[in-house]
Structure formats: C-alpha cells, structure tokens
1. Mind counting the residues in the stretch 79-115 that are among the small types (Gly, Ala, Ser) and part of a loop (DSSP other than H, G, I, E, B)?
2. Out of Phe66, Phe143, Phe100, which single residue is more than 16 Å from the ligand (Cβ to nearest atom), of a type outside the set (Lys, Arg) and over 12 Å from the mean Cα position of the chain (by Cα)?
3. Just give me the residues in the stretch 82-119 being in contact (Cβ under 8 Å) with a residue 60 or more places away in the chain and open to solvent by less than 10 Å² (accessible area, probe 1.4 Å), in sequence order.
4. Which residue out of Asp58, Asp76, Asp42, Asp72 is of a type in the set (D, E, K, R) and in contact (Cβ under 8 Å) with a residue 40 or more places away in the chain?
5. May I ask you to list the residues in the stretch 48-67 that are over 17 Å from Val121 (Cα atoms) and out of contact with any Leu (no Cβ under 9 Å at 6 or more places or on another chain)?
6. For the stretch 133-151, name all the residues that are part of a helix (DSSP H, G or I) and within 24 Å of Glu79 (Cα to Cα).
7. Say we look at the stretch 122-148 and pick out the residues that are charged (D, E, K, R) and under 17 Å from Arg12 (Cα atoms); which of these is surrounded by the most Cβ atoms within 10 Å (Cβ to Cβ)?
8. Hey, among Glu44, Glu32, Glu83, which residue is under 28 Å from Lys144 (Cβ atoms), within 16 Å of the ligand (Cβ to nearest atom) and of a type in the set (Asp, Glu)?
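The values are calculated or read from the model by the stated rules, or taken from the named source; none is laboratory data. Owing to the predicted nature of the structure, the values given are computational and were not obtained by experimental measurement. Here the Cβ positions follow ideal geometry from the backbone for every residue, glycine too, while neighbour counts run over all protein chains shown. What goes into the accessible areas is simple: the full protein's heavy atoms, side chains included, and nothing from ligands, DNA or RNA. Shrake-Rupley method; radii C 1.70, N 1.55, O 1.52, S 1.80 Å.
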Amino acid sequence: MSRLQDLKNTVRSRSIHVCYVNVGSCNGCDIEILACLAPRYDIEQYGIYVHNNPREADVLLITGAFSPQWEDKLMDLWEKIPEPKVAIAIGNCPISGCVFNREGSYVDPPVRKHIPIAAEVPGCPPRPTEILQAVLSLAPVVFKDYEGDGK
Ligand code: SF4
C-alpha cells in the first residue's frame with residue numbers, strides 16, 4: 001500500500017463525522033448519545049465529530065421505533081449523506097420497537113426495513129461506551145481505502 005493511501009486511511013479513521021436522528025424514541029437513547037459528547041466520554045478525543053448537516057456526515061445514528069411521519073423523511077435524509085456511509089441503530093427501539101411495539105401502535109420497526117443498517121446496538125438504552133464502540137469498530141472498516149467513483 002502506498003504511503004499516500006496509508007495517510008488517507010489514518011485521516012479517515014480519525015475523522016469520523018456523525019449525525020443523528022430520532023425517528024420516534026422516548027429520548028432515553030438520545031440522552032446516552034448526548035452523554036458521549038460530554039467530558040466523561042468526550043467523543044471528540046476519538047476523532048468523532050457530531051454535525052446536524054447530513055451532507056457532512058459519514059455515519060448516521062438512529063434512535064426510535066420509527067413513527068409513520070418518518071416514512072419518506074428518513075430516506076431523504078439518508079440519500080443526502082455522501083458515500084461511503086453507514087447507519088447504526090441505537091437502542092432496542094429501532095431494532096424491535098421495544099415498548100412502543102404493541103397492538104394498535106402505529107410504529108413500524110425495525111428501521112432496517114426503511115434504510116440499510118450496518119450495525120445495531122441493543123439496550124434500553126445502550127451505554128455510551130457501547131455506542132462509541134460501534135462507531136469506532138465500524139467506521140475504519142467502511143472508510144478504509146475508499147476512493148469514490150472518480151478515483
Ligand atoms: S430503546 Fe428504550 S431508552 Fe431507547 S428510545 Fe426506546 S424505550 Fe427509550
């Protein structure tokens with residue numbers, strides 16, 4: 001592998017841009033994501049940066065059991081994220097609907113029915129360390145050696 005490719009891979013593995021979306025959660029998982037930003041977990045020390053603009057993101061974190069209002073919106077948001085990209089389902093809600101998935105409910109889990117999901121982090125809610133671990137284990141694999149269409 002060339003030194004240039006080595007350098008690119010190093011930068012990509014230490015500059016991971018994340019945005020997140022709540023498609024119908026109780027906010028419990030969102031609070032754990034916010035905890036990742038606080039000094040105790042300090043997500044930026046791992047080179048992970050949070051944005052609210054999907055066009056700047058590599059990784060989409062999703063919380064919630066998928067309420068019908070998100071039917072088109074989530075796909076629109078996903079399409080705005082440039083390749084290469086991954087989505088990670090955070091918590092039991094996007095995986096199974098958790099407490100919201102009961103008779104008469106309008107939620108439509110799992111979220112992997114609506115967009116491709118590369119990893120799932122179960123828990124109600126999962127710990128910040130588990131969320132961090134998912135991003136850190138997945139991102140370098142996805143972005144390593146990526147050159148895009150133009151090469
Ligand atoms: S998994 Fe649990 S904590 Fe997370 S949004 Fe669903 S109900 Fe709330």
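1. Initial filter on the stretch 79-115 (among the small types (Gly, Ala, Ser)): 87, 89, 91, 96-97, 104-105.
Retained after the next criterion (residues that are part of a loop (DSSP other than H, G, I, E, B)): 91, 97, 104-105.
Residues in the stretch 79-115 being among the small types (Gly, Ala, Ser) and part of a loop (DSSP other than H, G, I, E, B): 4 in total.
2. Phe143
3. Selection gives Ile90, Gly91, Pro94, Val111.
4. On the way: Asp76 fails: in contact (Cβ under 8 Å) with a residue 40 or more places away in the chain; Asp42 fails: in contact (Cβ under 8 Å) with a residue 40 or more places away in the chain; Asp72 fails: in contact (Cβ under 8 Å) with a residue 40 or more places away in the chain.
Just a single option satisfies the conditions, and that option is Asp58.
5. Tyr49, His51, Asn52, Asn53, Arg55, Glu56, Ala57, Asp58, Ser67
6. From the stretch 133-151, those part of a helix (DSSP H, G or I) are 133-143; that's our starting set.
Within the stretch 133-151, Ala134, Val135, Leu136, Ser137, Leu138, Ala139, Pro140, Val141, Val142, Phe143 qualify.
7. Residue satisfying both the conditions and the ranking: Lys144.
8. Answer to the selection: Glu32.
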